[in-house]
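One structure is given here, and the rest of the page talks about it.
The values are calculated or read from the model by the stated rules, or taken from the named source; none is laboratory data. As the structure is a computational prediction, the values presented were derived from the model and not from experiment. Every residue, glycine as well, gets a Cβ built from its backbone with ideal geometry; the counts of neighbours run over all protein chains shown. The protein model used for the area step is the full one, side chains on, heavy atoms only, and it has no ligands, DNA or RNA in it. Shrake-Rupley method; radii C 1.70, N 1.55, O 1.52, S 1.80 Å.
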Amino acid sequence: MARAAVVGAGMTTFGVHDTPLQELFAAAALEALDDAGVETTDVEALYFGNAMGGQAENDTHLGPTAASHVGLAGIPVQRYEDACATSANAFKNAVQAVDAGIHDVVLVGGVERCTPETGKDTAAMTRIFASAAHRQYEQPAGLTFPGVFALLTKRHMHEYGTTEEQLAHVAVKNHGNGALNPRAHFGRETSVEAVLDGPVVADPFRLMDCCPFSDGASAVVVVADDLADSHDAPVDVAGVGHATGVVPIADKATPHVTKPARDAAAAAYEQAGAGADAMDFAEVHDCFTGAEVLASEALGLVEDGQGGVAAADGRTARDGDVPINPSGGLKAKGHPIGATGTAQIVELAEHLRGEAGERQIADAERAVAHNLGGDAATTVVSVMEARP
Amino acid sequence: MTEGLTHDEWTAALRDGRLLGATCRDCGATVGAPTAACPHCGARSLELVDLPTRGAVYTETTIEVPPAGVEERGYQVAVVDLGDARVTGRLDDEAVAIGDDVVLAGFLEDDQGNPAPRFEAV
Ligand SMILES: [Zn+2]
């Protein structure tokens with residue numbers, strides 16, 4: 001028996017949207033409800049993610065606003081903030097509630113705007129993003145989020161010999177996948193030479209190693225296992241693991257191993273009764289190219305130290321033995337913070353239904369999503385399966 | 001009475017040229033950032049310790065795109081391994097690599113008066 005099932009999925013294009021947050025959310029949420037064949041009156045609770053509306057747009061207490069806008073006022077709404085893992089945490093709580101019998105039908109989703117449409121330029125948004133670093137022991141040193149993952153990645157490079165060229169291969173692969181994804185922020189391919197020729201943001205990361213500032217929304221309808229077959233195309237949620245790690249970075253025992261990802265993956269795999277070898281593909285949190293390398297190892301998809309090599313050798317391409325980020329990932333698909341977690345669930349659902357179009361992973365039956373927040377101190381790992 | 005290391009204590013020490021840490025009496029771990037309990041084992045019995053002010057760079061990056069409120073660019077942020085604990089700090093006008101020795105050389109302050117350690121190459 002699955003813990004729950006996803007029976008509807010929706011998302012906006014990721015990119016630039018001159019649209020209020022509740023309207024952006026509604027575009028994804030109503031698409032998910034329609035896909036599920038669920039009426040608003042059937043929805044028992046909303047699990048809503050938004051990380052930075054307060055800082056970016058002076059817009060808080062968004063749960064009831066979003067619920068009202070899609071006709072859900074009255075039901076319980078909870079809003080999550082876990083930096084970039086915001087809507088994966090909403091998803092975890094939704095699955096738990098359904099699995100525990102508290103609700104039968106719930107809507108889960110997230111929305112965020114990070115582009116200059118918010119009125120915030122790169123420096124201002126860089127400061128807002130940096131608020132996820134420790135306020136007293138990291139921010140005063142001038143640490144940024146590219147800087148956070150640069151610190152983790154440079155240690156990985158030191159330990160294993162990972163190279164900037166290998167990192168560039170991650171960007172090239174994800175841009176290639178994004179070019180096949182009509183909802184991706186970046187729809188064009190790039191080359192290793194172009195990536196390595198870009199301006200440095202925080203070494204070893206150049207501009208093309210970094211995900212963009214994006215606007216967008218995503219949503220899924222989650223129902224109890226025994227209701228799943230009454231919907232057209234249910235996808236099972238086999239396991240969801242969630243773990244936290246020590247903050248700040250300096251106090252982590254071994255920062256580049258991203259222990260919370262390993263702990264969350266172990267829990268998700270155990271619930272699913274299936275390990276990394278059984279995953280037909282993965283959507284991982286590649287906010288920076290180095291983050292994908294760390295995630296591929298933490299999820300057990302490749303051996304420790306081999307993440308960069310695997311990317312350069314094509315093992316993580318769509319036709320490789322461990323396909324990673326067929327959507328284009330955060331790198332090319334885009335990264336509207338609070339929408340990213342459930343957008344990964346949308347991507348898994350589409351492949352497991354066989355509806356992912358040109359980027360479809362052939363015969364995909366089981367997949368894993370990895371969504372992290374902050375310096376990876378929050379990580380949620382979800383395993384989904386095609387319903388037998 | 002709360003044991004542990006507070007931001008006020010850590011800040012006062014840093015302004016005085018010292019790095020305060022906390023050693024867990026249960027698991028023996030030492031941390032370089034103030035905390036009310038050991039982040040590794042959860043124990044609340046902590047002993048305040050003076051950390052060495054000289055260590056080796058554990059990891060580093062040079063930030064070329066700073067956040068609003070930071071005027072300079074091209075500055076280095078490093079996690080410095082002081083032996084028992086690590087501390088995050090800033091290096092200016094240096095190009096240190098992982099493994100290089102550095103020493104505490106004062107502090108800088110952000111726009112709200114929070115200090116961060118400043119290190120320099122030895
Ligand atoms: Zn301890």
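Numbers at a glance
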{"item": "Pairs where the first residue, in segment B:98-119, is in contact (Cβ under 8 Å) with a residue 12 or more places away in the chain and more than 8 Å from chain A (Cβ to nearest Cβ) and the second is among the acidic types (Asp, Glu) and in a strand (DSSP E or B), C-beta under 7 Å, 6+ apart", "result": "B:Val102/B:Glu120; B:Val103/B:Glu120; B:Ala105/B:Glu120"}
{"item": "Residue among A:Ala171, A:Ala238, A:Ala184 that alone is at pLDDT 95 or above, in a loop (DSSP other than H, G, I, E, B) and within 22 Å of the chain's Cα centre (by Cα)", "result": "A:Ala184"}
{"item": "Enumerated strands (runs of 3 or more DSSP E) restricted to segment B:1-116, each holding at least 3 residues that are more than 16 Å from the ligand (Cβ to nearest atom) and over 14 Å from the mean Cα position of the chain (by Cα)", "result": "B:54-63"}
{"item": "Scope segment B:75-97; condition open to solvent by less than 30 Å² (accessible area, probe 1.4 Å) and at the interface with chain A (Cβ under 7 Å from one of its Cβ atoms); matching residues", "result": "B:Tyr75, B:Val77, B:Val79, B:Val87, B:Thr88, B:Gly89, B:Arg90"}
{"item": "Checking A:Ala171 against (1) open to solvent by 10 Å² or more (accessible area, probe 1.4 Å); (2) touching a residue at least 60 places away in the same chain (Cβ under 8 Å), the condition it does not meet", "result": "(1)"}
{"item": "Failed condition for A:Thr244, given (1) in contact with a Ser or Thr (Cβ under 8 Å, 6 or more places away or on another chain); (2) buried (at least 24 other Cβ atoms within 10 Å of the Cβ)", "result": "(2)"}
{"item": "Positions within segment A:134-149 being closer than 18 Å to B:Thr11 by Cα and open to solvent by 10 Å² or more (accessible area, probe 1.4 Å), in sequence order", "result": "A:His134, A:Arg135, A:Gln136, A:Tyr137, A:Gln139"}
{"item": "Hey, B:Ile63 at the interface with chain A (Cβ under 7 Å from one of its Cβ atoms), surrounded by fewer than 19 Cβ atoms within 10 Å (Cβ to Cβ) and closer than 21 Å to A:Met157 by Cα or not", "result": "no"}
{"item": "Residue ranges of helices (runs of 4 or more DSSP H) in segment A:301-354 with at least 1 members out of contact with any strand residue (DSSP E or B) (no Cβ under 6 Å at 6 or more places or on another chain) and open to solvent by 10 Å² or more (accessible area, probe 1.4 Å)", "result": "A:307-312, A:340-352"}
{"item": "Among the candidates A:Gly305, A:Gly290, A:Gly275, A:Gly334, residue that is more than 19 Å from A:Ser382 (Cβ to Cβ) and more than 18 Å from the chain's Cα centre (by Cα)", "result": "A:Gly305"}
{"item": "Tally, over segment A:99-153, of residues that are touching a residue at least 24 places away in the same chain (Cβ under 8 Å), small (Gly, Ala, Ser) and in a helix (DSSP H, G or I)", "result": "2"}
{"item": "Check on A:His156, within 14 Å of chain B (Cβ to nearest Cβ), touching a residue at least 12 places away in the same chain (Cβ under 8 Å) and open to solvent by less than 20 Å² (accessible area, probe 1.4 Å)", "result": "yes"}
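Matching residues to (1) more than 24 Å from B:Arg118 (Cα to Cα); (2) away from chain B (no Cβ under 14 Å):
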| residue | (1), (2) |
| --- | --- |
| A:Ala83 | yes, yes |
| A:Ser87 | yes, yes |
| A:Phe91 | yes, yes |
| A:Ala94 | yes, yes |
| A:Val111 | yes, yes |
| A:Lys120 | yes, no |
| A:Gln136 | no, no |
| A:Pro140 | no, no |
